[in-house]
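Since the structure comes first, as structure tokens, the remarks are kept for the end.
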Amino acid sequence: MYASEQTPGGGPANIPVCPGGIAWLFRPREVARALRYAMINFSLISSHRSIASIAGAALLVALVAALSFWAFSQIETSSAARNQTYSLIVRTDALLNDLSEADAGQLRYLLTGNEAFLAPYVAVRDRIGSQLVELRPIASSSAARGHLDAMSSTVNAKLAHMSYAIELRRRQEMTALLAAGSREQGKRLMDSFRAEVRGLVRIEEGTLAQQDAEIQSSMRRLFALIVTSSVLAFLLALSFAWLIYRETQHRLNNLLHAETQRLLEIQEKTNEQLQLTNFNLHVSEERLAVTLNSIDDAVIATDAEGRVTLLNPLAERLTGWTRVEAFNRPVEEIFHIIDADTRQPYPVPVREALAHGTTLGLANHTIVVARDGSECHIADSCAPIRDRRGHVVGAVLVFRDVTERKRLDQVMHDKNTELEGARSVADKANLAKSEFLSSMSHELRTPLSAILGFAQLMESSSPPPTVSQKRSIEQILKAGWYLLDLINEILDLALIESGKLSLSLEPVSLADVMHECQAMIEPQAQKRGIGVAFPQLKIRHFVQADRTRLKQVLINLLSNAIKYNREGGTIDVDCIRGAPGRIRICVKDTGEGLTPEKLAQLFQPFNRLGQGGSGEEGTGIGLVVSKRLVDLMGGAIGVDSTVGVGSSFWIEFNLTTEFQLTAGAALPAAAAQSLVQAGVRARTVLYVEDNPANLMLVEDLIARRPDLRMLSAVDGVSGIELANSSRPDVILMDINLPDISGVEVLRILAQDTETAHIPVVALSANAMPRDIEKGIKAGFFRYLTKPIKVNEFMETLEVALKFAHTQAARANIEEKA
């Protein structure tokens, strides 16, 4: 192919150039990229033959590319040489034209003398020498360069001749200028230059023809190479495609074979699973049939239209229809029910379950009427049957015969009515028993209060009683306190047996309880010459128990250990960690011990195990009460005894790690009475009591305190009037007064701002725990029970007086403020 170029003379010139498409195809980077891409694609073929084919194809492509590059370089070299030759011819022709124009312009100047005609001459004169020098390197041969040298000499001579003629014209030497020899010389030089140009052109045109032939030859070789490589590439592509096809077919055959094997294995496993599923289905059907036949409920299943598909044997028996007879019949025809109360037909729940897809709860007020007219009460429920997509495809109705249960419910209702009546009678009896116990406690304690109170006054009176009087007083006190213990224990046992005993279970410190029991029991042991050893607890253990009742049990065990010990014996008290989370308190004595027969009778009420004639006092119910109390507190009690060695009674409780002081803990009693100082106002105590003996006893106790004076009232109304008029510091209040109760008096005093601050201490024979609890809740400052214990009474009175003094001081400060 050729590119069109404009020649200096104005004509086009055909210059061969390399095609852009071919140059792009044979760029090394593109070829390498194509080869790499082909190798990547070919690498997917895994066989050795495929790899060999790919390697051969790569070598062939490389060889074709190398030959193509060589042919292309040859064409480029020939094309470049031809372009130079053609350029030499064109430029030489241009020089001839320029020199001819300069010669023509010089002649016009000579004829006219017009300097403008000298412009071509001046242009040629300035550049023609350098142009001839530039042409010499591109000459194709030495002959051509010889012509260029001759042309250079001729041009120089021509320019010199023209310069001489122009100079003559400018000097106006026209004669010399018109001489024939000068004109002929210029023409001869110009013809010589043309001859040299023609010689050069002939040489270069011959070279140009030779170069064109070489280019054509190279183009033919390149075309033949392209055609050959295209054919080879096509054949190679066909071969490669066939190879890929064969490999693909081989792989497809292998994959098809493997997939066939896999499908056969899957089919075999599927067949096995299908056989297993069929077997399991058969087993499930058998189990379902066995289940439906074995359950105590009747079952009816329907399809989405409410037609029966299944009945179990119990449903057949209750409806009177067999499965075969009932199949595909409407469920209302098989399951005919009526309302138990109205005897009207009752809608079958299947229709609602099918329509709304809801489960209907159990109903127990219907009667099913069998095919033969027999009836039975039933409880029924119904639920929809859904497929995997959640669509309702049927319903299942479950019902059971509840005729017997109906009868039993009626019997139970009648029995409950009877039990309610019996419970009401028992509650009334318990209430009457409680009222009787409370009344009996009050009636027994009232005379005992006088007996023990005055006996204590006589014992500590001045002058002291005589020896015989003191012995009599001791017997009175001994019998009185024994009778009081008997009353307390009988009331406790009755309270426990009636289930009315109230316990306050809380963390209790064993060390504190042991210390209090030691202080209470050591004087009694010292009288008998018995040594008592209590443990020194290094770790503070806390048990979950009622503090008062725990002390009561321990005091009972310690008292029995003293009573039934030998003279000069010992008692060892110890704390032992038992089972995890438990602790055992043991009271071991050195008494006679107990035989197995006596141990079997140990916790029977009023059974002293043959100790009635021993001279030791006892009620025979202390251990019984202790066992009941320990059981109620979640503990255990027991005994280990050896005849002639002694007995070891023990109680066991749960340990606890929490200990909090209760808000209602008792304040410590005063250690001694305060002494009266001169000039100090005597404080007033008002005692509201209708029993003269109790009034006299408290009056004698108050008389021992010269800093106190006592006022008394025999009923509640007069007590209220006296409290308003005298404003006592402390009020002692009996509960059972002839007009209104002491609780009502307390309420009236608390509502009056003038008396609301006065502490009121209850002093009553109502000693039941519930009575004490009710009194504390009512607002009494303290609640003391009769018979009066002198030390406890005096300590409580001191605490109340201190409280009253504190309240009075606070009131004065508020008034001054």
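The values are calculated or read from the model by the stated rules, or taken from the named source; none is laboratory data. This one's a predicted model, so the numbers in the text were calculated from it and none came from an experiment. Reconstructed Cβ throughout: ideal geometry from the backbone, glycine too, with neighbour counts over all protein chains shown. Calculation scope for accessible area: heavy atoms of the full protein, side chains included, ligands and nucleic acids excluded. Shrake-Rupley method; radii C 1.70, N 1.55, O 1.52, S 1.80 Å.
Taking the criterion of being open to solvent by less than 30 Å² (accessible area, probe 1.4 Å) and modelled with pLDDT under 90, would at least one residue in region 604-615 satisfy it?
Yes.
I'd like to know if region 508-521 contains one or more residues that are open to solvent by 70 Å² or more (accessible area, probe 1.4 Å), out of contact with any Phe, Trp or Tyr (no Cβ under 9 Å at 6 or more places or on another chain) and in contact (Cβ under 8 Å) with a residue 12 or more places away in the chain.
Yes, region 508-521 has at least one match.
Mind checking which strands (runs of 3 or more DSSP E) fall wholly inside region 675-754 and carry at least 1 residues that are surrounded by fewer than 19 Cβ atoms within 10 Å (Cβ to Cβ) and more than 60 Å from the chain's Cα centre (by Cα)?
Result: 683-688, 708-713.
Please identify the pairs in which a residue from region 395-413 that is farther than 29 Å from Val331 by Cα has its Cβ atom under 9 Å from the Cβ atom of a residue that is among the hydrophobic types (A, V, I, L, M, F, W, C), counting only partners at least 6 apart or on another chain.
Short answer, once both residue conditions are applied: Asp409/Val402.
State whether the residues of region 682-689 include one that is among the polar types (S, T, N, Q) and modelled with pLDDT of 90 or more.
yes
Kindly provide the set of residues from region 755-773 that are buried (at least 16 other Cβ atoms within 10 Å of the Cβ) and not in a loop (DSSP other than H, G, I, E, B), ordered by number.
Of everything in region 755-773, those that are buried (at least 16 other Cβ atoms within 10 Å of the Cβ) and not in a loop (DSSP other than H, G, I, E, B) turn out to be Val760, Val761, Ala762, Leu763, Ser764, Pro769, Asp771, Ile772.
Considering region 782-791 alone, what residues qualify as being open to solvent by 40 Å² or more (accessible area, probe 1.4 Å) and either closer than 19 Å to Asp729 by Cα or part of a strand (DSSP E or B) (or both)?
Arg782, Thr785
Just to be sure I understand the filter: pairs with C-beta atoms under 8 Å, separated by 6 or more residues or on different chains, first member in region 332-347 and within 28 Å of Asp303 (Cβ to Cβ), second member exposed (fewer than 12 other Cβ atoms within 10 Å of the Cβ). Which pairs pass?
Pairs found: Ile338/Gln344.
Are any of the residues in region 172-182 part of a loop (DSSP other than H, G, I, E, B) and at positive phi?
Yes, there is a match, as at least one residue in region 172-182 is part of a loop (DSSP other than H, G, I, E, B) and at positive phi.
Can you name the condition, by its number, that Arg170 falls short on among (1) touching a residue at least 12 places away in the same chain (Cβ under 8 Å); (2) among the charged types (D, E, K, R); (3) farther than 30 Å from Thr92 by Cβ?
(1)
For (1) under 23 Å from Gly199 (Cβ atoms); (2) open to solvent by 50 Å² or more (accessible area, probe 1.4 Å); (3) of a type in the set (Phe, Trp, Tyr), each residue gets a yes or a no:
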| site | (1), (2), (3) |
| --- | --- |
| Ser78 | no, no, no |
| Asp93 | yes, yes, no |
| Leu96 | yes, no, no |
| Ser100 | yes, no, no |
| Ala116 | no, yes, no |
| Val124 | yes, no, no |
| Glu134 | yes, yes, no |
| Ser141 | yes, no, no |
| Ala150 | yes, no, no |
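Given the residues Thr228, Thr207, which is the only one that is of a type in the set (Ser, Thr, Tyr), within 25 Å of Met151 (Cα to Cα) and out of contact with any Asp or Glu (no Cβ under 9 Å at 6 or more places or on another chain)?
Of Thr228, Thr207, the one residue that is of a type in the set (Ser, Thr, Tyr), within 25 Å of Met151 (Cα to Cα) and out of contact with any Asp or Glu (no Cβ under 9 Å at 6 or more places or on another chain) is Thr207.
Residues checked against (1) among the aromatic types (Phe, Trp, Tyr); (2) touching a helix residue (DSSP H, G or I) at 6+ places or on another chain (Cβ under 8 Å); (3) open to solvent by 60 Å² or more (accessible area, probe 1.4 Å); (4) over 20 Å from Ala66 (Cβ atoms):
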residue: Arg221; (1), (2), (3), (4): no, yes, yes, no
residue: Ile226; (1), (2), (3), (4): no, yes, no, no
residue: Ala241; (1), (2), (3), (4): no, no, no, yes
residue: Tyr245; (1), (2), (3), (4): yes, no, yes, yes
residue: Arg251; (1), (2), (3), (4): no, no, yes, yes
residue: Glu259; (1), (2), (3), (4): no, no, yes, yes
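Quick one: how many residues across region 539-598 are polar (S, T, N, Q) and over 18 Å from Phe653 (Cα atoms)?
6
Condition first: in contact (Cβ under 8 Å) with a residue 60 or more places away in the chain, open to solvent by less than 40 Å² (accessible area, probe 1.4 Å) and in contact with a Ser or Thr (Cβ under 9 Å, 6 or more places away or on another chain). Now tell me which residues in region 173-204 satisfy that.
Within region 173-204, Met190, Phe193, Val197, Leu200, Val201, Glu204 meet the criteria.
Could you tell me which numbered condition Val425 fails, if it satisfies all but one of (1) closer than 30 Å to Arg770 by Cβ; (2) among the β-branched types (Val, Ile, Thr); (3) modelled with pLDDT of 85 or more?
With respect to (1) closer than 30 Å to Arg770 by Cβ; (2) among the β-branched types (Val, Ile, Thr); (3) modelled with pLDDT of 85 or more, Val425 is out only on (3).
Listed residues Gln518, Gln456, Gln475; which is among the polar types (S, T, N, Q) and modelled with pLDDT of 85 or more?
Result of the check over Gln518, Gln456, Gln475: Gln518.
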